[in-house]
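S.K.: Let me begin by handing over the structure; questions about it come next.
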Amino acid sequence: MQPVDSTLTQLARRVVEPMGYELVGVEHFQRGGGASTLRVYIDHARGIDLDDCTAVSQQLSAVLDVEDPLPGHYDLEVSSPGLDRPLVFPEHFARFVGARIKVRLAEKVEGRRNLEGVLLGLDATGPGTEMLRLEAEGRTWEVPFAALESARLIPDFAAAARR
């Protein structure tokens, strides 16, 4: 995912949020032949359907054409985040406290790069000091937010079936 303060993330946020959607995250990756893909994940309390993705894609495409932040050819994809929704922004972690998540760390912490467990929260004593708290393997882990490579919800199919 693109960093919270990246040009692409900020541009997408300026388009998506006024339309009433939540920006979940932005991915930009290279493909063969010099082409790339810009993938934007959106969400809404009622869920996301094809019409939502189309509306955001049209608005975002127009802004991208004017501002031209990406060199060369790229494909724009607008998508729902899916059941294993990525957690990108600090507010995502606050919203999903108590949920089971899977995290991948940029570097090993205590010999581990991957953890699965219950999200306990994201605490900060000041700007840039956020620590992710996770209950995993019978203990509480505290990991610097900046050390996260990725974080995703683990779908709870049993809870969904009870609804």
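The values are calculated or read from the model by the stated rules, or taken from the named source; none is laboratory data. Because the structure is a prediction, the values reported are computed rather than measured. Every residue, glycine as well, gets a Cβ built from its backbone with ideal geometry; the counts of neighbours run over all protein chains shown. These area figures cover heavy atoms from the full protein model, side chains too; ligands, DNA and RNA do not enter into them. Shrake-Rupley method; radii C 1.70, N 1.55, O 1.52, S 1.80 Å.
S.K.: It is to be established whether one or more residues within the range 66-87 are assigned to a helix (DSSP H, G or I) and not β-branched (Val, Ile, Thr).
M.R.: yes
S.K.: Here are some residues: PHE93, PHE89. Which one is at pLDDT below 90 and open to solvent by less than 20 Å² (accessible area, probe 1.4 Å)?
M.R.: Result of the check over PHE93, PHE89: PHE89.
S.K.: Any idea which residue in the range 1-21 is surrounded by the fewest Cβ atoms within 10 Å (Cβ to Cβ), counting only those that are assigned to a loop (DSSP other than H, G, I, E, B) and aliphatic (A, V, I, L, M)?
M.R.: Ranking the qualifying residues of the range 1-21, first place goes to VAL4.
S.K.: Taking the conditions exactly as written (farther than 28 Å from ARG31 by Cα and assigned to a loop (DSSP other than H, G, I, E, B)), does VAL97 satisfy them or not?
M.R.: Answer is yes for this residue.
S.K.: Being in contact with a helix residue (DSSP H, G or I) (Cβ under 6 Å, 6 or more places away or on another chain) and closer than 20 Å to ILE154 by Cα: is that true of LEU115 here?
M.R.: no
S.K.: Could you give me the residue pairs with C-beta distances under 6 Å whose first residue belongs to the range 24-51 and is among the charged types (D, E, K, R), whose second residue is open to solvent by less than 10 Å² (accessible area, probe 1.4 Å) and outside any loop (DSSP other than H, G, I, E, B) wherever it lies, and which are 6+ apart or on separate chains?
M.R.: Pairs that qualify, where the first residue is among the charged types (D, E, K, R) and the partner is open to solvent by less than 10 Å² (accessible area, probe 1.4 Å) and outside any loop (DSSP other than H, G, I, E, B), are ASP43/VAL24.
S.K.: Could you say which residue among GLY121, GLY126 is modelled with pLDDT of 90 or more, more than 30 Å from GLN30 (Cα to Cα) and either open to solvent by less than 60 Å² (accessible area, probe 1.4 Å) or assigned to a loop (DSSP other than H, G, I, E, B) (or both)?
M.R.: GLY121
S.K.: Kindly establish whether TYR41 is of a type outside the set (Lys, Arg), modelled with pLDDT of 95 or more and touching a Lys or Arg at 6+ places or on another chain (Cβ under 9 Å). Even if it seems obvious, please write down each step before you answer.
M.R.: Details: of a type outside the set (Lys, Arg): yes; modelled with pLDDT of 95 or more: yes; touching a Lys or Arg at 6+ places or on another chain (Cβ under 9 Å): yes.
It is true that TYR41 is of a type outside the set (Lys, Arg), modelled with pLDDT of 95 or more and touching a Lys or Arg at 6+ places or on another chain (Cβ under 9 Å).
S.K.: Out of (1) in a strand (DSSP E or B); (2) under 17 Å from PRO155 (Cβ atoms); (3) free of Cβ contacts under 8 Å to residues at least 24 places away in the same chain, the odd one out for GLU135 is which?
M.R.: (2)
S.K.: Hey, can you tell me all the residues within the range 22-43 that are over 14 Å from the mean Cα position of the chain (by Cα) and open to solvent by 20 Å² or more (accessible area, probe 1.4 Å)?
M.R.: If the condition is that a residue be over 14 Å from the mean Cα position of the chain (by Cα) and open to solvent by 20 Å² or more (accessible area, probe 1.4 Å), then PHE29, GLN30, ARG31, GLY32, GLY33, GLY34 are the ones that fit.
S.K.: Right, next: Can you tell me which residue within the range 44-69, out of those that are aliphatic (A, V, I, L, M) and out of contact with any helix residue (DSSP H, G or I) (no Cβ under 8 Å at 6 or more places or on another chain), is surrounded by the most Cβ atoms within 10 Å (Cβ to Cβ)?
M.R.: The selected residue is ILE48.
S.K.: I'd like the full set of residues that are closer than 16 Å to ASP156 by Cα, touching a residue at least 40 places away in the same chain (Cβ under 8 Å) and small (Gly, Ala, Ser), limited to the range 84-111.
M.R.: Result: ALA99, single match.
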